[in-house]
Amino acid sequence: MANQLVGKRKVGDTVLLKKKDMHRLVEALADEHNIFGPVRKDGQVVFSRIAQATELDYYVNSMMSPKKYLHRPREIILSGHIGDGFLAEESIPDRKQVLMAVKPCDVHAILYLDKVFNHDFQDPYYNARREKTFIVGLNCTEVGENCFCSSMDTGPELKEGYDLLLTNLGDRYTVDVGSEAGVEIVERIGLEDAQISDAMLKLRKIRVAREQMSKRLNTKDLPQILRANLGHIYWPQVGEECLGCANCVMVCPTCYCYNVVDQVDMSLKNVERIRSWDSCQVLDFAAVSGGNFRKEQATRMKQFVCHKLSYSLDQYGLFGCVGCGRCITWCPAEIDITKVAQEIRGGES
Ligand code: SF4
Ligand code: SF4
């Protein structure tokens, strides 16, 4: 790699961004986009709208993933009004957005949601946001105690799904260019090529992160093992421990279930169609005409785990878990999906 300044760039190039110059990247993107990145609030790292680079916080894992900017926790998808006739207006978002410093597991979660929301039908709300989303990935050079992305082949190094990809080398980042939109941004900023020594350091840091990851999930034959053990004695045991709080679902970057309700105002002339996240871990989820087909918490827990680690492969050809570890971190009952899978497998990891 020659140490040239500002040349014609292409997808696949790797350039260097000094940390003190991060504001140049943010300013180049802010022209046309809302930018959402990791910031610290009340002691936790969360994704939030930022106006400048100094607001960004370096992080290992965030409480919630940036999924919320593609599949909104609550959104009005249709508004209706009765006047001379009935007027209905769909709410399709139109502003471009940047998801900044997204970890490899969370980018893989977005790639998974791309399949989900274009499988049986094409979801206009998700797709409208997705098409207008620029992703700046951030490779992992440190891991959290609950991370197990290397078991799911979703990290700590990202290989797809980004426009630009940062790797933290201390006082600078390598920036891998992953799309034509990414080319345009690095050309606009004018960044120098990375050196071979930078590329070597990047690989070394990712290797160290991989070696640090102690949590594992043995995925060998796991979908079949789970299917063959739906009556396993461990399900009622873990169901007994589970509080049914749905924290695991709310923090999961791949969970996508939602409910849709129509809310009419007091005048009976205005209606809003609202969709909001739902959870297979709560009792009402499986309430249908004639009853509830998952009355016990154990069956809801089993559905959560088996969907992620078994049924999802039949549906989308991918595990529905990217190994981010959030459901473990935020479970008040300390239930660990890797241990649940291990118990069903028969104890060995
Ligand atoms: S199931 Fe748990 S570890 Fe897997 S993606 Fe969801 S929150 Fe992350
Ligand atoms: S976060 Fe834990 S206790 Fe709450 S529903 Fe999920 S598994 Fe159960």
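What follows draws every value from the coordinates through simple rules; no lab data is involved. Keep in mind that this is a model prediction, so the values were computed, not measured. Don't worry about glycine lacking a Cβ; one is built from the backbone with ideal geometry, like all the others, and counts go over all protein chains shown.
Lys/Arg Cβ at +1, Asp/Glu Cβ at -1, dipole of the stretch 82-194 taken about the Cα centre: which of L158, T141, A194 is farthest positive-ward?
Farthest along the dipole direction, towards plus: T141.
Choose one of V260, C242, P332: the residue whose Cα lies farthest towards the positive end of the charge dipole of the stretch 222-345 (beta-carbon charges +1 Lys, Arg; -1 Asp, Glu; about the Cα centre).
Towards the positive end, the residue furthest out is V260.
Compute the separation of the alpha-carbon centres of the stretch 280-349 and the stretch 68-117 and state it in Å as a whole number.
Cα centres, the stretch 280-349 to the stretch 68-117: 25 Å.
Report the trypsin sites (Lys or Arg not before Pro) located in the stretch 190-255 that are in a DSSP loop and have at most 16 other Cβ atoms inside 10 Å of their Cβ, or state none.
R216, K220
Please sort 160-170, 134-144, 186-196 by packing, taking for each peptide the average over its residues of neighbouring beta carbons within 10 angstrom, highest first.
Highest-to-lowest ranking by the protection proxy: 134-144, 160-170, 186-196.
First check a/c for the chain, with a ≥ b ≥ c the square roots of the eigenvalues of its C-alpha gyration tensor; if it is under 1.5, answer rounded, and if not, answer prolate when a/b is larger than b/c or oblate otherwise.
Taking the square roots of the gyration eigenvalues as a ≥ b ≥ c, the chain is oblate.
Quick check on the chain: helices-only [θ] at 222 nm, where DSSP H runs of length 4 and up contribute -39,500 (n - 2.57) each and the sum goes over total residues. Nearest 500, please.
Result for the chain: -8500 deg cm²/dmol, rounded to the nearest 500.
Where does each of D314, D153 land when they are ranked from fewest to most other beta-carbon atoms within 10 angstrom?
Taking fewest neighbouring Cβ atoms as first place, the list is D314, D153.
Out of the trypsin sites (Lys or Arg not before Pro) in the stretch 80-127, which ones are loop residues according to DSSP with at most 10 other C-beta atoms within 10 Å?
R95
Mind listing which chymotrypsin sites (Phe, Trp or Tyr not before Pro) in the stretch 289-337 are in a DSSP loop and have 12 or fewer other Cβ atoms within 10 Å?
When the chymotrypsin sites (Phe, Trp or Tyr not before Pro) of the stretch 289-337 are filtered for loop state and at most 12 Cβ neighbours within 10 Å, F293 remain.
Can you flag which of K41/K269; K18/K41; K159/K220; K10/K68; K10/K96 are past 29 Å Cα-Cα?
Among K41/K269; K18/K41; K159/K220; K10/K68; K10/K96, the Cα-Cα distance tops 29 Å for K41/K269; K10/K68.
Note down the magnitude of the dipole of the chain about its Cα centre, charges +1 on Lys and Arg C-beta and -1 on Asp and Glu C-beta and zero elsewhere, to the nearest 20 debye.
620 debye
Under unit Cβ charges (Lys, Arg +1; Asp, Glu -1), what dipole magnitude, rounded to 20 debye, does the stretch 289-335 have relative to its Cα centre?
Charge dipole of the stretch 289-335: 100 debye, to the nearest 20.
Any idea what the relative contact order of the stretch 263-349 is, in percent, if you count C-alpha pairs under 8 Å spaced at least 6 apart?
So the answer I get is 13 percent.
In the stretch 14-212, what % of DSSP beta bridges are antiparallel (nearest 5)?
Bridges in the stretch 14-212 are about 65 percent antiparallel.
Find how many whole Å separate the alpha carbon centroid of the stretch 243-274 from the alpha carbon centroid of the stretch 190-222.
Rounded to whole Å, the Cα centres lie 38 Å apart.
Could you tell me whether the stretch 14-212 comes out rounded, prolate or oblate from its Cα gyration tensor? Rule is a ≥ b ≥ c as square roots of the eigenvalues, rounded for a/c under 1.5, then prolate if a/b exceeds b/c, otherwise oblate.
Since a/c reaches 1.5 and a/b is larger than b/c, the shape of the stretch 14-212 is classed as prolate.
What does the C-alpha gyration tensor say about the overall shape of the stretch 222-345? Classify as rounded when a/c is under 1.5, otherwise prolate if a/b is larger than b/c, or oblate.
prolate
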